[in-house]
Amino acid sequence: MATHIRNIRQILTPVSPGNTPLLKIENGTVIVDESGIIYVGGTAGAPVPQNSDLVIDGTGQILTPGLIDCHTHLVFAGDRSGEFIRRTQGTTYSEIAASGGGILSTVQKTRDMSENDLLRNARIRAARWLSQGVTSLEIKSGYGLSVESELKLLRVINRLKQEFPGTVQATFMGAHEIPPEYRDDRSGWISVLTQELLPEIARNQLAEACDVFCETGVYSLEESEKIARAALQNGLKIKFHADELTPLGGASLAARLQALSADHLLCITDDGIRDLAASETVGVLLPGTAWYLKMPYAPARKLINSGATVALATDFNPGSCTLDQFSFIWMLAALYMSMSPDEILSAVTLNAAKAVGIHHITGKIEPGFRGDLVLWNSPSLEHLIYHPSLNHAGKVFASGQLVWQSEQWNECLFI
Ligand code: NIG
Ligand code: FE
């Protein structure tokens, strides 16, 4: 059985990763089945539905590729509201981390929670993403920081992968912090990561990629490179938290090692921008984190104007960004990073797919691509960005199947 979505007010899709213009089709039709997208074009020339087909009327609505959140840390236990309040009184995120709070306080709670309870938490969160039109979701480990607990988190992510209607990409981030047990033996922990955990993860195919928090006071450039090279040797792709809090040079390292992505980039230098632009590495911008940490935003315009490929994601985590509304990220990108609506859509679809290495499968509406789609209860892309506090996702399709829907038309029927 195929699904025909007909009379769509406007279909919008990127055509290739980077900063190329969107393809926009007025009064369009898309036909999908489990094997992928079959037809994209005008309703006038579209194949006629068979009796067994499902027909959906898209009058007044827009259709985009399913969204891709290419950077989350959504498997964790506990909250850090106390730290948040301390930050409102003037203590900085880095000061809290240096005093033993921050990531390490979540590590303790996450180690103590059972695999099943962590899965239950993660499942509730992932359902929230799906209902907003997110059909592909990257999730990092990194709140275990021991062999046992990191493997537990990766098992949770892989169990979620089995049940999530869209796609889950697992990223190993044992290099999120130095575990308390290894504070005086950094190289000991790096040996555990490179010689024990990475080979075990590769053997059991528990992750597609490996991420390192390359940051002053966390992992140095040399340590980050060593871990990333071990990941590559074990067949994993690599990513970096780069130039987030200080301009250490992580973006240039990511470009040199041909990483999938360099993420955050709040403090990226002009050299870093030049290196990223000359590479295939995607710059993943996380404006929710800048907002939540009250830091200057990443230089999106400079990156885009230099020719770098830019994606947007939530970075959802308990410390530096608890925003779990994807539309809020778009709004911040528009308001504070001067990204255009078309740039934003590319950044949360095809460019984000490239940041996790799945841009040959999903992220655009084209025959042969997977049927990951969102039919929005909204008359335009601009409206979605301008009114982010409501969920405008109308029908969400993953691999051609309708996996979530809402009849709620907010107020935009009346504009
Ligand atoms: O992406 N930068 C490192 N990791 C997260 C923060 C994690 C936390 O504070 O728990 C981030 O911002
Ligand atoms: Fe992050």
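The values are calculated or read from the model by the stated rules, or taken from the named source; none is laboratory data. Given the structure is predicted, the values throughout are model-derived calculations rather than measurements. Here the Cβ positions follow ideal geometry from the backbone for every residue, glycine too, while neighbour counts run over all protein chains shown. Just the protein is used for accessible areas: all its heavy atoms, side chains included, with ligands, DNA and RNA removed. Shrake-Rupley method; radii C 1.70, N 1.55, O 1.52, S 1.80 Å.
Structure notes:
- Sole residue being within 12 Å of ligand 1 (Cβ to nearest atom) and either part of a loop (DSSP other than H, G, I, E, B) or touching a residue at least 24 places away in the same chain (Cβ under 8 Å) (or both), chosen from Gly235, Gly288: Gly288
- Residue in region 70-84 that is within 30 Å of Asp33 (Cα to Cα) and more than 12 Å from ligand 1 (Cβ to nearest atom) present: yes
- Helices (runs of 4 or more DSSP H) contained in region 103-195 and holding at least 3 residues touching a residue at least 40 places away in the same chain (Cβ under 8 Å): 103-112, 115-131, 147-163
- In region 154-185, the residues that are open to solvent by 60 Å² or more (accessible area, probe 1.4 Å) and of a type in the set (D, E, K, R): Arg155, Arg159, Glu163, Glu181, Arg183, Asp184, Asp185
- Qualifying residue in region 203-216 (condition: within 16 Å of ligand 1 (Cβ to nearest atom) and surrounded by fewer than 19 Cβ atoms within 10 Å (Cβ to Cβ)): yes
- Checking Leu276 against (1) crowded, with 24+ Cβ neighbours inside 10 Å; (2) within 16 Å of ligand 2 (Cβ to nearest atom), the condition it does not meet: (2)
Every residue, every condition in (1) closer than 22 Å to Thr289 by Cβ; (2) open to solvent by less than 10 Å² (accessible area, probe 1.4 Å); (3) within 15 Å of ligand 2 (Cβ to nearest atom); (4) touching a Leu at 6+ places or on another chain (Cβ under 8 Å), yes or no:
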{"residue": "Thr194", "(1), (2), (3), (4)": "no, no, no, no"}
{"residue": "Leu197", "(1), (2), (3), (4)": "no, yes, no, yes"}
{"residue": "Glu223", "(1), (2), (3), (4)": "no, no, no, no"}
{"residue": "Ala255", "(1), (2), (3), (4)": "yes, no, no, yes"}
{"residue": "Leu266", "(1), (2), (3), (4)": "yes, no, yes, yes"}
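- Region 73-109, residues that are of a type in the set (S, T, N, Q) and crowded, with 24+ Cβ neighbours inside 10 Å: Thr106
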